1. For the stretch 273-294, give me each residue that is more than 22 Å from the chain's Cα centre (by Cα) and touching a residue at least 24 places away in the same chain (Cβ under 8 Å).
2. Can you tell which of 93, 111 is in contact (Cβ under 8 Å) with a residue 12 or more places away in the chain and either polar (S, T, N, Q) or exposed (fewer than 13 other Cβ atoms within 10 Å of the Cβ) (or both)?
3. For residue 174, work out the one condition from (1) of a type outside the set (A, V, I, L, M, F, W, C); (2) buried (at least 21 other Cβ atoms within 10 Å of the Cβ); (3) over 29 Å from residue 230 (Cβ atoms) it doesn't fulfil.
4. Does residue 216 qualify as being part of a helix (DSSP H, G or I) and either out of contact with any His (no Cβ under 8 Å at 6 or more places or on another chain) or over 27 Å from residue 334 (Cβ atoms) (or both)?
5. What number of residues within the stretch 259-295 are at pLDDT 90 or above and either of a type in the set (Phe, Trp, Tyr) or surrounded by fewer than 12 Cβ atoms within 10 Å (Cβ to Cβ) (or both)?
6. Taking the stretch 183-209, which residues are of a type in the set (A, V, I, L, M), surrounded by fewer than 23 Cβ atoms within 10 Å (Cβ to Cβ) and part of a helix (DSSP H, G or I)?
7. Applying the selection to the stretch 194-221, what residues are charged (D, E, K, R) and modelled with pLDDT under 90?
8. Report whether or not residue 224 is assigned to a helix (DSSP H, G or I), within 30 Å of residue 269 (Cβ to Cβ), under 15 Å from the mean Cα position of the chain (by Cα) and touching a residue at least 12 places away in the same chain (Cβ under 8 Å).
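The values are calculated or read from the model by the stated rules, or taken from the named source; none is laboratory data. Just so you know, these numbers come straight off a predicted model, no measurement behind them. Neighbour counts are summed over all protein chains in view; Cβ atoms, including those assigned to glycine, are modelled from backbone coordinates with ideal geometry.
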Amino acid sequence: MSMENTIKSSDSDVLVQVKNLKMHFPITEGALIPQVVGHVKAVDGVSFDIRRGETLGLVGESGCGKTTTGRCILQLEKATSGNILYDSVNLGQLDRIGMMPLRQRIQVIFQDPFSSLNPRMKIGEIIAEPMHVHNIEADNRAREKRVLELLSVCGLNPKFADRYPHEMSGGQRQRVGIARALAVRPEFIICDEAVSALDVSIQAQVINLLEDLRDEFNLTYLFIAHDLSVVRHLCHRVAVMYLGKMVELADCDELYDNPIHPYTKALLSAVPIPDPTIEKGRKHQMVKGEIPSPINPPSGCVFHPRCISATDGCSKAIPEFREVKPGHWVACTEV
């Protein structure tokens, strides 16, 4: 069974469909006559659906392809192969002009709240800019009113509209990033490590804000993160990536309570429990070695060199991403 046909949502109300997505970046040598000598397989055959109003968490180590997947959905990167459907529209077949109406419906919250805001623009101008680009609230007074409303909705004093980004804290800047994403009334927001650069106490505030906004505006999220404790609070389902491939996908509680893939078990065992007694007594599942290079990934299961449960067959057969329980998908030959 091909990867493209494996994940079919039982709910017909699917907003985003990613089918067998591959993103291979060419490696070239030579200054005068560059020649392709290899490829970085950043994303290598990923498939998933996101339903309307759902938050899908996409987790994994740094370099596993999470952000590249998000950039491909945003069409900031043109995928090597595969299809990305948004509301049944194939994004890969659209040019820049064809993407413009969908740019309004699809927004992104970037990881770094310090570099994602123009330091030469006031906060009000930053939030109003996408409204000007998409011709929303054409009247200047209406835009100003909308900016003040968005600041208030995101928990900021409307007076912040006259401040510059350097006058604000990291948490306040990230709230500005959220307000900017909401300015064009989107349906779908990609949160690319949206809280990883913030202190733990501020992370909780931003996550609660994202949750409230999802319920208030009926938003759909793809929440990219490497911190599993953050993902559990916000997400309905969680997908785990490793070295460009999807290794497990399940409902949030199911994944945390009954992880199946050895890599998912290792990730969860690394999440600390805020109770010294329990933490001292529990066993940690260690992962040996370092993550392999995406330029030359291992044969068979890409996780087998680091897997404590690997057998001889794991290095030969590529595991099929299959449904082992209703709604619980795993890529492991030993399951």
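1. Hit for the stretch 273-294 is 287, nothing else.
2. 111
3. (3)
4. yes
5. Number of matching residues: 1.
6. Listed by number, the residues that qualify are 200, 202, 204, 207, 209.
7. Listed by number, the list holds a single entry, 199.
8. So residue 224 fails the test.
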